Structures are given as C-alpha cells and as structure tokens.
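FYI, it's all coordinate maths here, none of it is from the lab. Remember, it's a predicted structure, so these values are computed and weren't measured experimentally. Cβ placement follows ideal geometry from the backbone for every residue including glycine, while neighbour counts extend to all protein chains displayed.
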Amino acid sequence: MRFSIIGRLAALVLGVAAVVSATSEPEQRPRVRDLGVEPGVLSPGPHNAITDVNGVRVGHHTLVEGDSVRTGVTAILPHGGNLFRQKVPAAVHVGNGFGKAAGYLQVRELGQIETPIVLTNTLSVGAAVEAVVGWTLAQPGNEGIGSVNAVVGETNDGFLNDIRGMHVTAEHVRAAIGAASSGAVAEGSVGAGTGTRAFCWKGGIGTSSRVLPAPRGGYTVGALVQTNFGGILTIDGVPVGEELGCVPFGLAAETAPDGDGSCMIVIATDAPLSARNLERVARRAMLGLARTGSYASNGSGDFVIAFSTRNLEPHAPEDRERSITVVENDHMSPLFLATVEAVEEAVYNSLTAATTVTGRDGQRAEAIPLEDLRRLFDDASK
C-alpha cells in the first residue's frame, strides 16, 4: 500500500467534525490503489490528494443526527492567507447545468476566486453562501469590504438526508473551514459526501493527484469530487456496473437507478495558468468523469471549478499593469492528462472509501462490495 492505515485514520479524526455517527460501518475502507488498481500512467503525489498542491487545505463537517439527518459540508481553501486580498486565478466549466452552484458567474467573468470553495447539499447553498460571506468579512484586513463572491457547489442528498429540514447552518460551514488542513484527506461518507450516492452504491468525497515528470514541468494537479451521480460504473476498464447488475433504466436490474444525480469537481494545480487555460483544464475534468461510466444524464448537475495557486492576484491593485509567467498553450497537454486521471481516480476513491449509510425513512445506500471488486479485478488481470 502506498499509504498507511494509520495515516488515513488520522485524516478521518483531524479532518472530520462529526456530530453523531451510528450508521457507518466501523472498519476503515480502502482506496482503489489498496485494491491493486492504479489508474492511468502518471504518478500520484505523496498523499494522492488535492492537498498535494502546495498550500491547498481541505476540511469537513459531517452532520449525522437522529435517523434522518445525513449531510455535511466540505471546504477547500486554495491557500492559507487572506483569499480576498490575494485571489487565485480560476475558471469554471458546466458539463450539465442541472444545479444550483453559487458564485460561478463572477468566476467565469473575472477569472478569480476570493473565498473558500464550499460544497454541501442543494437546499443548504443559501446558508453556505451567507456563512462564507460572513467568514470572509470577519478576516483581519477585510474591514470596509462591501462585496464578496462566495463560491458554493452542491449535490442533492435527499435520498438519505432530510434535505427539506435545511439542517446545515453557518456554524457548520465555519467548522468545515476551520477544520481545513493539508496532508491526507478523509474520503467517502464524510462532509458534503455524507448523504450522497453514486451509481448503485454509496458515494461521497474522493480525491486524487498527479505529478508531471520534471521534463514536462514537474507540476502537480489535484482533484476533489463530491459524487452523487449515475451511469454504468467502469473502474480502470473493468465493467463493474454490468458485472454487478447496476445498469440504468432497469436494463439489467429492476432496482437500478435512472442515472440522474450530480457531481461537483474541484481541480487545483501549482502550474502557472491563465484563467483561459484553467477553463480548458476544467473542461477535461468531464473526460475523467466519462471514464468512470458517467454520461451526464438529464438531471445530473456536473460542475467543475479549477484554480491555480500561482500568480495570486491582489485585491484593488495600485499598478495598472503587472507581468506574470504562464504555461504556453503548446505545453498544456500533460496537464490535461493529469486532470483526466486525477478526476477518474478521485471518483473511484469516493466509492471504495464510502461506508454503508442508513438515513431518511430507513432508506439505505450500501457501500460498494469490496470482495466483488477484488474478484473482478483479479479476473481482469488474468
């Protein structure tokens, strides 16, 4: 194994602020590489996580209460300084626009992010926006600010969660931001992934990274996903969905879902990219999603946001002009490949790490069966 069980347990303890958890399996579940699958050709970073991009931090707040609240918040901080005063270049891409993401229009127009990126459930976007704005206004040095573009993404966790109860509060959002740290990232049924489903199984939070060879720049690309979508699951070319009877529209099983749902994708890189080329990176994230078996169904809100930790942009600069270094178009292809591979593996990790969760009205999302996966992978390797 590339990472120790102790390291991943530490990530769960440090990265998750859980209220109560009586519905999750007790064992620590593996990442896809722990099952012998190594997607792609590029190497991952030390943690195989979005936090391999220097300065990026991730925090979760997991909200599990009673028998029907199964939701949470995940926060991604592009750097540890004042994000409003030192904005990061960014771009967005909408693969399928069935969603309620906030703040994306200004990112598309200005090519900047000035707040933490927060993920939660569909009906908690408003609470998250208010919390991010309040958190930003309260940061030292932000006195007198009268406009903040909070960036919030969502998926609908209403199958397991009492989403109409709108249980996420500003306090929960601030807790996720406050829990943000570097290093290993907790995955599966945590944070904004607590109540989500993917394909026929429990989905959640997943992450992965890729490091380019030195001759290609040595840059790192990291991805984090909130999986809540359907399709016909394929893992590194193995037709898992078909083999396990999970095909949409009842083609293989009467209980199979119709493929609707959503996926939020966050891409980080330390490559110095313009907002235009960050948008090109964001578009490639959908290719990684497609590798897993998604076809971006009618009801799937598939949103991508990409940012670079280089060339920070000062708020209200005094100088009319500034000079920056950016990667040229002809050298972008390795970064595209890294993005596709990182997104693909992040989706797999969201599935293998997720625990079985029972929620609203006794409805249950089963963790993907590991023994079946091992059998399929073994058969494919023969």
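Annotations
- Of the peptides 193-199, 340-346, 286-292, the ranking by mean beta-carbon count within 10 Å, highest at the top, reads 193-199, 340-346, 286-292.
- Across q = 0.14, 0.15, 0.20 Å⁻¹, segment 82-241 modelled as identical point scatterers on its alpha-carbon atoms has Debye log10 I(q)/I(0) values of -0.84, -0.95, -1.46, in the order of the q list.
- Here the extension length gained between residue 43 and residue 366 equals 113.2 nm, from 0.36 nm per residue of separation less the Cα-Cα distance.
- Long-range HN-HN contacts of residue 100 with modeled amide H, under 5 Å: 154
- Isolated Cys residues of the chain, judged by Cβ distance under 4.7 Å to other cysteines: 263
- With the convex hull of its Cα atoms as the shape, segment 287-378 has an orientation-averaged projected area of 11.4 nm².
- Each peptide in 161-167, 40-46 gets a packing score, the mean of other Cβ atoms within 10 Å over its residues, and the list from highest to lowest is 161-167, 40-46.
- D_trans [Stokes-Einstein, Kirkwood Rh over alpha-carbon pairs] for segment 154-295, 37 °C, 0.692 mPa s, µm² s⁻¹: 193 µm²/s
- Projecting label points 7 angstrom from Cα along Cα→Cβ for residue 379 and residue 108 puts them 4.4 nm apart.
- Listed residues 248, 329, 188: farthest to the positive end of the dipole of the chain (Cβ charges): 329
- Pairwise Cα distances in segment 22-124 exceed 19 Å in 63 percent of cases.
- Computed per residue of the chain from DSSP H runs no shorter than four, each worth -39500 (n - 2.57), the mean residue ellipticity at 222 nm is -7500 deg cm²/dmol.
- Stretch gain in nm, segment residue 171-residue 86, where the contour uses 0.36 nm per residue and the Cα spacing is subtracted: 28.1 nm
- Dipole check for segment 184-315: with +1 at the C-beta of Lys and Arg, -1 at the C-beta of Asp and Glu, and the Cα centre as origin, the magnitude is about 560 Debye.
- The alpha carbon centroids of segment 118-177 and segment 48-63 are separated by 17 Å.
- The magnitude of the dipole of segment 248-373, with charges of +1 and -1 set on the Cβ of Lys/Arg and Asp/Glu and taken from the Cα centre, is near 260 debye.
- Extension gain (nm, one decimal) between residue 325 and residue 295, 0.36 nm per residue minus Cα-Cα: 7.1 nm
- Dipole magnitude of the chain about its Cα centre (Cβ charges: Lys, Arg +1; Asp, Glu -1), debye to nearest 20: 580 debye
- Choice from 110, 83, 119 with maximal GNM fluctuation in the chain (Cα, 10 Å cutoff): 110
- Rg to Rh quotient for segment 91-143, alpha carbon positions, Kirkwood Rh: 0.99
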